[in-house]
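Chemist: Below: one structure in structure tokens.
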Amino acid sequence: MQNVRDDLVLIVDFGSQVTQLIARRVREAGVYSEIVPFQKAEEAVDRLRPRAVVLSGGPASVTELGTPRAPKNLFDRGLPVLGICYGQQAMVEALGGEVQPGDHREFGRAFLDVEKPSRLFDGIWAPGEKHQVWMSHGDRVESLPPGFRTIGVSAGAPFAAIADEERRLYGVQFHPEVAHTPDGAKLIQNFVHHVAGLAGDWTMAAFRERAVARIREQVGTGRVVCGLSGGVDSAVAAVLIHEAIGDQLTCVLVDHGLMREGEAKWVVDLFRGSYNIPLVHVEAAPEFLGALAGVTDPEVKRKTIGRLFIEVFDREAAKIDADFLAQGTLYPDVIESVSATGGPSVTIKSHHNVGGLPERMKLKLVEPLRELFKDEVRELGRELGLPDRFVRRHPFPGPGLAIRCPGEITAEKLEILRKADAIYLDEIDRAGLYDTIWQAFAVLLPVRTVGVMGDGRTYDHVCALRAVTSVDGMTADFYHFDMNFLGRAATRIINEVRGINRVVYDVTSKPPGTIEWE
């Protein structure tokens, strides 16, 4: 990944669950940030030449042999450094202080007593004040390295906030990046602006300008093929690339028959009509539904869809004679891939989430969004002029309605599900809740029930409704609708969709990686 500007904050990841939040908070302060695993931090500092460094939290203990350590010579470069939780302890250990297992652990809400003034606290916290913070530690700092002083304490951490003002080195035992530390975002802003002296002028307009230049430099006179899924990521990537190279880009929409109601037409009209982008619309529903006939296992469904998608897409790409494949890879994909495997991802996440890039395609990748988080992609979409109704759409998985139709998939069941899903989303939009909910969808359950409708008995499908709130899509909680809303939505679905006679609402929360139904 290239450094897109001079004012860069490098975040060294020690394995915290919330490292991405640090990057988001820095970017919210108008400063570009990148995350790098601790094993590669020293090389990244040399290559990227950051203006400041943040050391993240992590699950390990610096008191044990073989656990992660701060990069060698980091503290001799004159860079401002902020160590958070494990990052504070790693900094203290590297500079000659002492860390020991604590006899008073702190997990959850705690209170910081501000003892001394500091540039890190300027304009936020003053000596003598008490502020809520979020703690998550068992070990704690027992003695400080030379040059440091204590600027804040808590009940379980006598060195909860420390500072070496002359060298611009700071450490906090709490997590300022999480919402449970109410003033935490301000503290991070203080670090990047007041301590590191960074301007905070990283904007989406500036990103757009630099991204266009990089695409032109990378592609030259070559041709690019981009698979559109109907989702936001691939659409924004395509519009950005088209701005850079015009008709050297051709988009391919593989219409597998598993898209939402009216989605394929919407995408075709938008790209051909509004943007005049060359688009190949492949109507492949019979091929996909034929291959899925009789298939009930969720993983077999995904693999079947992924394999067919690659085959159809590969056929069309060969006709275009492209040199590059464009993907809507986002920064969280990059972080997860590098952390897990040490190398770049080759998964076409923006298209189907179930297949890989076949080696025979021999295409070089263009990934213009790989530096952005999801909310930043939406902001870029608005910057590029994409309709707000399109940009704000809820995430939709590559396998589409297939994972919202447990059991065997048929054209009849998909049509029932499409209509129910469209009504549900329409009711959410009418209620002004669409932007409050991260993702909402209907599911056609593989059961049928007896019901009475009017003067007759029915034997029809059960429809489940799901709506979740989430920040990053990794964990989610169900949305707390009031019963009046659920009553309206259920009544409309039963009245307007033939084949459904019962509606239920899913109120389970989901751990990481299980937002979808199957």
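The values are calculated or read from the model by the stated rules, or taken from the named source; none is laboratory data. Note that the structure is predicted; figures quoted are calculated from it, not measured. Cβ sites come from the backbone with ideal geometry, for glycine too, and all protein chains shown count toward neighbours. Quick note on the areas: whole protein, heavy atoms, side chains included, nothing else; ligands and nucleic acids left out. Shrake-Rupley method; radii C 1.70, N 1.55, O 1.52, S 1.80 Å.
Chemist: Only one residue in Leu198, Leu169 is of a type outside the set (Gly, Ala, Ser), in contact (Cβ under 8 Å) with a residue 60 or more places away in the chain and in contact with a Lys or Arg (Cβ under 7 Å, 6 or more places away or on another chain). Which one?
Modeler: Exactly one of Leu198, Leu169 is of a type outside the set (Gly, Ala, Ser), in contact (Cβ under 8 Å) with a residue 60 or more places away in the chain and in contact with a Lys or Arg (Cβ under 7 Å, 6 or more places away or on another chain), namely Leu198.
Chemist: What's the total number of residues in segment 53-72 that are open to solvent by 70 Å² or more (accessible area, probe 1.4 Å) and modelled with pLDDT under 90?
Modeler: Residues that pass the stated criteria total 5.
Chemist: Please count how many residues of segment 158-168 are outside any strand (DSSP E or B) and closer than 21 Å to Val195 by Cβ.
Modeler: 6
Chemist: How do the helices (runs of 4 or more DSSP H) wholly within segment 267-341 filter down when requiring 2 or more residues that are among the polar types (S, T, N, Q) and under 30 Å from Arg24 (Cα atoms): which remain?
Modeler: 331-341
Chemist: Looking at segment 286-313, which of the residues that are under 24 Å from Ala238 (Cβ atoms) and free of Cβ contacts under 8 Å to residues at least 40 places away in the same chain is least open to solvent (accessible area, probe 1.4 Å)?
Modeler: Among residues in segment 286-313 that are under 24 Å from Ala238 (Cβ atoms) and free of Cβ contacts under 8 Å to residues at least 40 places away in the same chain, the one least open to solvent (accessible area, probe 1.4 Å) is Phe288.
Chemist: Report, ordered by the first and then the second residue, all pairs with beta carbons closer than 6 Å, sequence separation of six or more or different chains, a first member in segment 27-53 that is more than 16 Å from Ala70 (Cα to Cα) and touching a residue at least 12 places away in the same chain (Cβ under 8 Å), and a second member that is β-branched (Val, Ile, Thr) and assigned to a helix (DSSP H, G or I).
Modeler: These pairs meet every condition: Ala29/Val192; Val31/Val192; Ser33/Val26.
Chemist: Sticking with this structure for a sec: With respect to Phe75, is the statement that it is open to solvent by 80 Å² or more (accessible area, probe 1.4 Å), outside any loop (DSSP other than H, G, I, E, B) and on the phi < 0 side of the Ramachandran plot true?
Modeler: no
Chemist: Count, please, the residues in segment 397-432 that happen to be of a type in the set (A, V, I, L, M), assigned to a loop (DSSP other than H, G, I, E, B) and open to solvent by 10 Å² or more (accessible area, probe 1.4 Å).
Modeler: The number of residues fulfilling the criteria is 1.
Chemist: For residues in segment 101-154 being part of a strand (DSSP E or B) and acidic (Asp, Glu), which is farthest from Ile188 (Cα to Cα)?
Modeler: Selected residue: Asp103.
Chemist: Looking only at residues in segment 380-407 that are touching a Leu at 6+ places or on another chain (Cβ under 8 Å) and closer than 20 Å to Phe288 by Cα, which one is modelled with the lowest pLDDT?
Modeler: Only one residue tops the list, namely Pro399.
Chemist: May I ask you to list the residues in segment 438-471 that are surrounded by 15 or more Cβ atoms within 10 Å (Cβ to Cβ) and charged (D, E, K, R)?
Modeler: Arg448, Asp460, Arg466
Chemist: Could you please give the count of residues in segment 254-265 that are in a helix (DSSP H, G or I) and either acidic (Asp, Glu) or under 25 Å from the mean Cα position of the chain (by Cα) (or both)?
Modeler: 2
Chemist: Being more than 17 Å from Pro37 (Cα to Cα) and open to solvent by less than 10 Å² (accessible area, probe 1.4 Å) is the filter here, so list the residues in segment 78-88 that pass it.
Modeler: Pro80
Chemist: Confirm whether Glu43 is assigned to a loop (DSSP other than H, G, I, E, B), acidic (Asp, Glu) and open to solvent by 60 Å² or more (accessible area, probe 1.4 Å).
Modeler: Here the answer is no, as Glu43 does not meet what is asked.
Chemist: Looking at Arg378, Arg389, which one is in contact (Cβ under 8 Å) with a residue 60 or more places away in the chain, within 25 Å of the chain's Cα centre (by Cα), closer than 30 Å to Arg24 by Cβ and surrounded by fewer than 22 Cβ atoms within 10 Å (Cβ to Cβ)?
Modeler: Just one listed residue meets the conditions, Arg378.
Chemist: So Ile35 ticks every box in (1) assigned to a strand (DSSP E or B); (2) of a type in the set (A, V, I, L, M, F, W, C); (3) surrounded by fewer than 16 Cβ atoms within 10 Å (Cβ to Cβ) but one. Which box is left unticked?
Modeler: It fails just one condition, (3).
Chemist: Also, I was wondering about something else. Residues of segment 85-100 being assigned to a loop (DSSP other than H, G, I, E, B) and more than 13 Å from Leu169 (Cα to Cα), which ones?
Modeler: Answer for segment 85-100, where residues must be assigned to a loop (DSSP other than H, G, I, E, B) and more than 13 Å from Leu169 (Cα to Cα): Cys85, Gly96, Gly97.
Chemist: Same structure again: How many of the residues in segment 168-181 are surrounded by fewer than 24 Cβ atoms within 10 Å (Cβ to Cβ), over 17 Å from Val153 (Cβ atoms) and at pLDDT below 95?
Modeler: 3
Chemist: Also: In segment 184-220, how many residues are crowded, with 17+ Cβ neighbours inside 10 Å, assigned to a loop (DSSP other than H, G, I, E, B) and within 23 Å of the chain's Cα centre (by Cα)?
Modeler: 1
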